[in-house]
Amino acid sequence: MLFRARKRTPTRLEQWRDFARRLELVDASQQEARLRDWFDLGEPPLTPLYGLRRQGQPTLFLFDQQRARSGPAGTVTSLVTGAILRAPTPLSATSLRAQARGNPVMEAIAAGRTGSQRLDLADLDAFDGAVSVFARDEAAARAWLTGPVQTVMARMLARPGVTPVLVVGHRNLLVLCEGAEAAPFEALEALATDLFTLYAMVEGASASGADRTAPPDGDAAQTGT
């Protein structure tokens, strides 16, 4: 009797290479130190790190990052999958962070780490019930949260199988998914598409109110991770 050999499951790096070929991504490891510094991503390497650049369009970066946190119970390892959209023009006059609505106590702790506050958006009933937004400048954050932007944010932060955190900065959009397992590539591709959609909605809209003294390559947004 003949037995078929079980088909080998591709490794994560092999899946990344296939994903990169399909989306025409290129190696962007030369940008790693700069990205870790800009977004306070810590010391663990971004492996792999791919990019997509088109003339006149924002630059997309996609990566995995393994993290380890130590505590009384030992060391916990997690995997972060991220997508960064770096725009050529200002996107927001303020920094903000958003995630699916969670435990109020944990949200207060997260807000305290970055000196921000969870915005009271009770007047945006459906959105406020699903999404928590943290910012220092409430008026500027509210101006950024137009109806279409709320719709995209609510969709991207409720994607099944992942727990994304969205960070909006002067010229950047960042989404991070952290968990015990790597984020599926289907979810990563959908989140990257959502970032491009947000960019198209807000491109140039905040330029007149943006901080002209902001550094050309730096960013005030903090991940809070």
Would you please give the residues with an amide H less than 5 Å from that of Ala183, counting only those at least 5 places away or on a separate chain, with H modeled from the backbone geometry?
Thr81
For the range 142-157, what does the Karplus curve 6.51 cos²θ - 1.76 cosθ + 1.60, with θ = phi - 60°, yield as ³J(HN,Hα) per residue in whole Hz, taken in order and with x for Gly and Pro?
4, 4, 6, 7, 5, x, x, 5, 4, 4, 5, 4, 4, 5, 5, 7
Could you work out how far the C-alpha centroid of the range 18-48 sits from that of the range 128-160, in angstrom?
26
Tell me, what HN-Hα J-couplings in whole Hz come from the Karplus equation 6.51 cos²θ - 1.76 cosθ + 1.60 at θ = phi - 60° for each residue of the range 75-91, using x for Gly and Pro?
9, 10, 9, 9, 10, 9, 10, x, 9, 10, 10, 9, 8, x, 10, x, 10
For Gln66, other-chain or 5+-apart residues with amide H closer than 5 Å (H placed, Pro excluded) are Thr47, Val80
Helix 12-23 against the longest principal axis of the chain: what's the angle in degrees, Cα atoms only, rounded to the nearest 10?
60
Quick one: dipole size for the range 12-209, taken about the Cα centre, charges +1 on Lys/Arg Cβ and -1 on Asp/Glu Cβ, in debye to the nearest 20.
280
Could you give the C-alpha radius of gyration of the chain expressed as a fraction of 2.2 N^0.38 Å, taking N as the number of residues it contains?
1.06
Add -39500 (n - 2.57) for each DSSP H run of 4 or more in the chain, then divide by its residues: what number comes out at 222 nm, to the nearest 500 deg cm²/dmol?
-9500 deg cm²/dmol
For His170, which sequence-distant residues (separation of 5 or more, or a different chain) have an amide H within less than 5 Å of its own amide H, given hydrogens modelled in the peptide plane?
Ala220, Ala221
With DSSP loop assignment and no more than 16 other C-beta atoms within 10 Å, the trypsin sites (Lys or Arg not before Pro) in the range 1-75 are Arg4, Arg6, Lys7, Arg8, Arg53, Arg54
Based on DSSP loop calls and a cut-off of at most 12 other Cβ atoms within 10 Å, the longest stretch of the chain free of exposed GluC sites (Glu not before Pro) is what?
25-180
Rounded to 10°, Cα long-axis angle of helix 104-114 versus longest principal axis of the chain
80
Vicinal HN-Hα couplings computed from phi for the range 165-175 (Karplus, 6.51 cos²θ - 1.76 cosθ + 1.60; Hz; Gly/Pro x):
10, 9, 10, 10, x, 4, 10, 9, 10, 10, 10
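None of the figures in this text is laboratory data; all of them are computed from the coordinates on show. Here the structure is a predicted model, which means the values were calculated and not measured. Ideal geometry is used to build each Cβ from the backbone, glycine not excepted, and the neighbour counts take in all protein chains shown.
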